[in-house]
1. For segment 86-122, enumerate the residues that are among the hydrophobic types (A, V, I, L, M, F, W, C), within 13 Å of the chain's Cα centre (by Cα) and part of a loop (DSSP other than H, G, I, E, B).
2. Do any residues in segment 62-74 that are within 20 Å of Ser152 (Cα to Cα) have Cβ atoms under 9 Å from those of residues that are basic (Lys, Arg) and crowded, with 24+ Cβ neighbours inside 10 Å, where the two are at least six apart or on different chains, and which pairs are they?
3. Any idea which residue in segment 1-50 is nearest to Pro106 (Cα to Cα), counting only those that are assigned to a strand (DSSP E or B) and at pLDDT below 70?
4. Quick one: in segment 119-167, which of the residues that are closer than 25 Å to Gly71 by Cβ and of a type in the set (Val, Ile, Thr) is surrounded by the fewest Cβ atoms within 10 Å (Cβ to Cβ)?
Amino acid sequence: MEKIEQVEGAYVLKVKRFEDDRGYFQQVQSANDEHGLMKYAWQINVSSSNANVVRGMHVVPFAKLCTCIKGALWDVVADVRKDSPTYGNWFGVWLTEGNCKQLYVPSGCAHGFYSKCDNTILLYSQDQAYNPKVEKEVNWRDPTLNIEWPKSEEYFLSDKDKNAKFL
């Protein structure tokens, strides 16, 4: 487990993968997690994205544990908690189906990602059920955060994400 200095409470985890000639087995989450980050998943989601899609930046009052199970994505956590010592900082990591990395996004932080290729699949657990009434958005191009997104000639976003407000 690698603590992310840029965002208080965020981590990159490297999970074990067991491979043989049949394929592989990889645990995504466990109540016996030695790191103690997320004991229970109240909701588990799957998101499929095409190349050059940006989803986010979404802010919710619960933690997320993100795993890429197909393709490749640039996963970003940004600290938008005004009382945090790392407020305004961000961190990005490539999650791929082969690198066995996960991103832990703490409660109250903004989360978003860029899909590098078609049919990229993100699986993520939440420690609370989704409630649209408590979700907020921060513009993915917010100048305060100044997130360095992968270069692309064109990006595809939902209207909600495109029109999100700046900090």
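1. Correct list: Cys109 only.
2. Every condition considered, no pair remains.
3. Residue satisfying both the conditions and the ranking: Gln26.
4. Looking at the filtered set, the residue picked out is Ile121.
The values are calculated or read from the model by the stated rules, or taken from the named source; none is laboratory data. All of these numbers come straight from a predicted model, not from anything done at the bench. All Cβ positions, glycine included, derive from the backbone under ideal geometry; neighbour counts span all protein chains shown.
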